[in-house]
Amino acid sequence: MKKIISFKIKSMQEYCCTFFQLLNVSFSKFNFITPIYWRQSYTLPLMLTAILMTGYKVNAQGSIKGIVPVQHPIGGSGVDGDAWAHEPIGSIYENVGDLFDKLYDPVNNPTHTVNHGVLDLTTGALLYPGSTFFLQDRYQNDLTIFTLSNKINDNPNTYTWGAGSSPNKNEIQNAGAHFSYGDSSIRGGDGVTGAFGDPNDLWCLFAGDRQVTNGSSYIDFEFLQKSLTITGATFGPLDPATGTAPITGGSGGFATEGTQGGRTVGDILVTIEFTQGGGDANVVIRKWTQIGTGVYEYVIVPNNAPGIAGNIYCTNNTVTTTVPFDAYGTTPGTYAPNQWAEGAINLTKVFEATNNPCLVISTLFVRTRSSGNSAQSELKDFPGAPIQLKLCSDKTPPVISALPEATTINCPSIPAFATPTATDNCTLKSLTSTDVTTPGNCAGNYSVTRTWTATDDCGNTSTATQTINVHDVTAPVIAALPAASTINCPAVPSFAQATATDACDASVTLTFADVRTDGKNVQVITA
């Protein structure tokens, strides 16, 4: 396939749709399962985004489709634009999961009892809500737009927001993200030559829409290593069907824990770019980079860079698409071709390639902006507060140094335990210990097991134990008694009171027994 760049500006050169090597995809890890009832479910759009944008195959138009080898939905996810599992019949997606599953009906269709979708259409329950975050924004009387001039490279502490309106092409209503780990039993891509999923890889499946299809639109998914929170907002109650609480009013700014220009070097910005008026949606990766003393900005990372190819995808709907959630005032929603797009990024692999293998994502921030130019692009609309996360790619537990084998000491010696050291390939958080004492058959016999636990920043733990047995082999000590003495009958023997102590047992039992040995009476006769 030839790479068409004649009509693209420089910042668009690195689109995912221009590389055949993106076919070989490995995916990621996350499993949260809590059923939630579907109404006008905000979660679905997100899941839809998640599923339809995971694996791809390049065609002449640059769209990348294929099978995503993830653990959820069951069977992986088919990225083919139709949102339905097992379709089209006769294609590579016939046995692959997707957002919805028409066949799943354990009551009326008992031969098909496994749900290969994300939503249970029979009960209206979302199958994987804990791994999904869905944002739904007003598209009229919008409460959350960026005010003043806020550009993507500005420090987030300077961003301002409030009620207002955005240009239609920058107006976003539905956006979401779904996290999943790879499934090593599922082959991605075309299902034949693609790579198997890697259970160690954390993927994010993401999607968003736009109000109109004329003009170019840009949707950012910003993955931050340090927390970014909104200020001045009034929230409604947490909606378990979306994993988020809607903003119901207020105005203000943002607060970031990032200390390098308000972010952290290595933060990733993924942008879906809708081409003007139609065509294929593209995806661009940018990395937060220090370009001078105290100066930082997002720099494009080419999609064919080492470690990136095959780990970033994008596509948009090419035909009218109906979804079971509200889309700009219509339920079920209907999207015109090129009105919404979806993508997937292997966060583990991309962060390893551009930053370091110790990935910790604290925040996902979704918003739109005015153009693809990284320096001049202004932020426009955001569908909800930054999503607070604690996602880690590090699944390797810390290593605790070897401890001595079990030993035995004699009472009254006190157990003295060795103190180990712990190391971690990322960041060690703590090394703590707990003791468990097991009594023996007497107060002086017991054993103590000390367990050390090392924990890293991602919650991985390791343990190591040392046991010391204590035996009481020392007899009690009786204080000295008077020496043997002689008294004359009829005097009665009067014994001293003995005392005893023991080094291992404070409650010594002291008993006595008398043994009487009679002598002989002798009569002497003299003449």
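Quick look at the numbers
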read-out: Condition met for THR363 (part of a strand (DSSP E or B) and either among the basic types (Lys, Arg) or in contact with a Ser or Thr (Cβ under 6 Å, 6 or more places away or on another chain) (or both)); value: yes
read-out: Sole exception among (1) in contact (Cβ under 8 Å) with a residue 60 or more places away in the chain; (2) surrounded by fewer than 16 Cβ atoms within 10 Å (Cβ to Cβ); (3) not in a strand (DSSP E or B) for PRO306, by number; value: (1)
read-out: So ALA480, is it in contact with a Cys (Cβ under 8 Å, 6 or more places away or on another chain) and either part of a strand (DSSP E or B) or over 30 Å from ILE400 (Cβ atoms) (or both); value: no
read-out: Residue match in segment 123-131 (condition: within 19 Å of CYS314 (Cβ to Cβ) and of a type in the set (S, T, N, Q)); value: no
read-out: Residue, nearest to SER180 (Cα to Cα), within segment 84-97, restricted to residues that are buried (at least 24 other Cβ atoms within 10 Å of the Cβ) and not hydroxyl-bearing (Ser, Thr, Tyr); value: GLY97
read-out: Residue selected from segment 128-152 under the condition of a type in the set (A, V, I, L, M) and open to solvent by less than 40 Å² (accessible area, probe 1.4 Å), by the criterion farthest from ILE172 (Cα to Cα); value: ILE152
read-out: Residue match in segment 166-176 (condition: among the small types (Gly, Ala, Ser) and free of Cβ contacts under 8 Å to residues at least 24 places away in the same chain); value: no
read-out: Hits in segment 431-471 (condition: open to solvent by 40 Å² or more (accessible area, probe 1.4 Å), small (Gly, Ala, Ser) and in a strand (DSSP E or B)); value: SER433
read-out: Qualifying residues in segment 156-200 (those that are within 22 Å of the chain's Cα centre (by Cα) and among the polar types (S, T, N, Q)) - the one farthest from LEU389 (Cα to Cα); value: SER185
read-out: Selection within segment 357-386 - surrounded by fewer than 18 Cβ atoms within 10 Å (Cβ to Cβ) and among the hydroxyl-bearing types (Ser, Thr, Tyr); value: SER371
read-out: Tally, over segment 236-261, of residues that are open to solvent by 30 Å² or more (accessible area, probe 1.4 Å), touching a strand residue (DSSP E or B) at 6+ places or on another chain (Cβ under 9 Å), in a loop (DSSP other than H, G, I, E, B) and within 26 Å of LYS151 (Cβ to Cβ); value: 2
read-out: Residue in segment 211-235 that is surrounded by the fewest Cβ atoms within 10 Å (Cβ to Cβ), counting only those that are touching a helix residue (DSSP H, G or I) at 6+ places or on another chain (Cβ under 6 Å) and within 21 Å of ILE345 (Cβ to Cβ); value: LEU228
read-out: The listed residue being of a type in the set (Asp, Glu) and either without any contact (Cβ under 8 Å) to a residue 60 or more places away in the chain or out of contact with any strand residue (DSSP E or B) (no Cβ under 9 Å at 6 or more places or on another chain) (or both), out of GLU378, GLU352; value: GLU352
read-out: Candidate set from segment 406-417 (those that are touching a strand residue (DSSP E or B) at 6+ places or on another chain (Cβ under 6 Å) and assigned to a loop (DSSP other than H, G, I, E, B)); member that is surrounded by the most Cβ atoms within 10 Å (Cβ to Cβ); value: CYS411
read-out: Output for segment 106-127, where each listed residue is of a type outside the set (Val, Ile, Thr) and open to solvent by 50 Å² or more (accessible area, probe 1.4 Å); value: PRO106, ASN108, PRO110, LEU121
read-out: Some residue of segment 338-356 being surrounded by fewer than 17 Cβ atoms within 10 Å (Cβ to Cβ), modelled with pLDDT of 85 or more and of a type outside the set (Phe, Trp, Tyr); value: no
read-out: From LEU389, LEU403, residue being open to solvent by less than 40 Å² (accessible area, probe 1.4 Å), without any contact (Cβ under 8 Å) to a residue 60 or more places away in the chain and either assigned to a loop (DSSP other than H, G, I, E, B) or within 30 Å of ALA341 (Cα to Cα) (or both); value: LEU389
read-out: Any hit, segment 489-506, residues being exposed (fewer than 12 other Cβ atoms within 10 Å of the Cβ) and at pLDDT below 85; value: yes
read-out: Every residue from segment 262-294 that is surrounded by fewer than 22 Cβ atoms within 10 Å (Cβ to Cβ) and either among the hydrophobic types (A, V, I, L, M, F, W, C) or in contact with a Pro (Cβ under 9 Å, 6 or more places away or on another chain) (or both); value: VAL265, GLY278, ILE291
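The values are calculated or read from the model by the stated rules, or taken from the named source; none is laboratory data. Predicted model only: the values in this text are computed from it and were never measured. Don't worry about glycine lacking a Cβ; one is built from the backbone with ideal geometry, like all the others, and counts go over all protein chains shown. Protein only, heavy atoms only, side chains kept; ligands, DNA and RNA dropped before computing areas. Shrake-Rupley method; radii C 1.70, N 1.55, O 1.52, S 1.80 Å.
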